Amino acid sequence: MEVLEEVQVSDEKSLLEYVVMKKSSPSPFLLKTYMLVEDPATDDVVSWNSDGSAFVVWQPAEFARDLLPTLFKHSNFSSFVRQLNTYGFRKITTSRWEFSNDKFKKGEKNLLREIRRRKAWTNRQQPNNGGQSQDANSNNKKDNITEEDQRSSSSTSSSSEYINLVDENKRLKMENGVLSSELSLMKNKCKELMNIVTIFAKIPEKEEEKKPMLFGVRLEVKEEMERKRKRVELNEIASVFLSQLCK
């Protein structure tokens with residue numbers, strides 16, 4: 001009987017120690033987030049700010065696509081932001097995704113255990129001091145919840161739009177690079193054609209030197225003169241066309 005009591009006391013003590021340890025250990029979400037921010041290999045995507053009092057997601061699109069799936073098994077940046085909000089983080093600037101929490105600081109990982117997840121609002125029944133008063137309080141609470149939902153929805157929508165704009169900007173830059181390469185190639189082709197036309201225009205001059213001369217004047221037949229005139233016209237047309245095309 002005494003042995004059973006000792007075993008029971010030991011089990012209760014172990015259970016109590018487990019509960020205490022469980023409460024004092026940081027949330028897995030906080031540990032994973034701290035790990036991402038602390039990793040120097042990802043500083044170009046997410047890192048601490050200059051004084052280590054907050055962290056910055058420099059590239060939200062890459063963060064959602066490459067880093068979130070490795071630890072959180074999803075790639076939804078808006079969902080990650082909502083999780084931060086439930087742990088009391090706040091976005092401290094409008095120009096970038098910088099988040100702060102008094103207990104989330106560089107080099108102070110031990111403070112993570114003090115961060116608590118916010119409890120969801122529960123509708124507690126108030127004492128009945130009159131039907132109208134109770135209905136008014138209920139309506140006010142519903143209005144407050146609706147406003148909070150609208151703000152949260154607006155913030156999520158803005159985050160998604162920002163990520164889409166970043167992706168679209170990168171796509172346009174890539175297309176612009178391809179078009180620039182094609183334009184450069186076309187200009188080189190035009191220069192080659194211009195050189196060919198120039199060489200072709202010089203051929204009649206060399207043929208002119210081979211014609212027979214009489215009293216110092218080169219002899220030309222009518223057909224040869226007509227062919228020469230057409231060649232000159234063709235050279236002029238080709239030169240004008242290529243010069244306009246290669247601008």
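Where a number appears in this text, it was derived from the coordinates with a stated rule and is not lab data. Please read all numbers here as calculations on a predicted model, not as lab measurements.
Which entries in Lys109/Lys173; Lys91/Lys170; Lys106/Lys170; Lys103/Lys170; Lys32/Lys170; Lys119/Lys170 show an alpha-carbon gap greater than 30 Å? Going by Cα-Cα distance, Lys109/Lys173; Lys106/Lys170; Lys103/Lys170; Lys119/Lys170 fall outside the 30 Å limit. Using θ = phi - 60° in the Karplus curve 6.51 cos²θ - 1.76 cosθ + 1.60, the 3J(HN,Hα) couplings for segment 180-186 round to 5, 5, 5, 5, 4, 5, 5 Hz; x is entered for Gly and Pro.
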